[in-house]
Amino acid sequence: MKYKAMTAVARLFGVRFVARAVMPALYGKTALNDPARADERAEWMQQLVMNRSSIWRAANGVLERKSIYGELGKIVAPTLVMVGDEDVSTPKALADRIVGAIPRAKLMVIPGAGHGSTLEQPAIVTAAIGAFLDAQSERVAAPHSAAAA
């Protein structure tokens with residue numbers, strides 16, 4: 001209900017009236033409370049405020065979408081699920097549930113990050129994606145190496 005109320009306010013009055021309330025849903029406490037990141041927070045806030053009031057449609061699309069949880073077991077591609085350890089929008093318990101539903105999925109918890117982990121901890125996220133992709137290419141290359149030997 002809280003998020004639905006925020007989308008209604010954004011629709012009627014503009015995003016600037018809900019931007020401060022949205023920040024804790026997007027970013028973790030570490031980034032929001034670090035004095036050294038004040039300029040980053042100001043940029044994130046500016047980016048939020050620059051959204052058109054029609055952003056409510058996208059937000060409601062997320063809030064009202066039909067669950068695909070029952071379809072996750074059909075995923076056969078290697079899958080990496082990442083979640084910030086401070087994510088209140090999609091908490092670790094939900095990420096654990098997603099990983100449990102996808103065969104052979106891997107979970108990476110991003111320390112000191114909320115929902116915007118790619119902005120909050122870009123080096124950690126990039127390294128995690130790189131390591132995951134490297135592991136996939138090693139897995140694919142291994143059968144070829146064995147066949148050549």
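The values are calculated or read from the model by the stated rules, or taken from the named source; none is laboratory data. Being a predicted model, the structure only gives us computed values, none of them experimental. So basically every Cβ, Gly included, is an ideal-geometry build from the backbone, and we count neighbours across all protein chains shown.
Taken together, the criteria place Ala77 among residues that are outside any helix (DSSP H, G or I) and either among the charged types (D, E, K, R) or without any contact (Cβ under 8 Å) to a residue 24 or more places away in the chain (or both). Scanning segment 80-116 for residues that are in contact with a strand residue (DSSP E or B) (Cβ under 7 Å, 6 or more places away or on another chain) and in contact (Cβ under 8 Å) with a residue 40 or more places away in the chain yields a total of 7. Screening Leu63, Leu72, Leu133, Leu119 for residues that are modelled with pLDDT under 95, in a helix (DSSP H, G or I) and of a type outside the set (Val, Ile, Thr) leaves exactly one candidate, Leu63. For segment 36-57, a tally of residues being among the polar types (S, T, N, Q) and surrounded by 14 or more Cβ atoms within 10 Å (Cβ to Cβ) returns 2. When Val109, Val88, Val83, Val125 are checked against the criterion of being in contact with a Lys or Arg (Cβ under 6 Å, 6 or more places away or on another chain) and within 23 Å of Val22 (Cα to Cα), a single residue qualifies: Val83.
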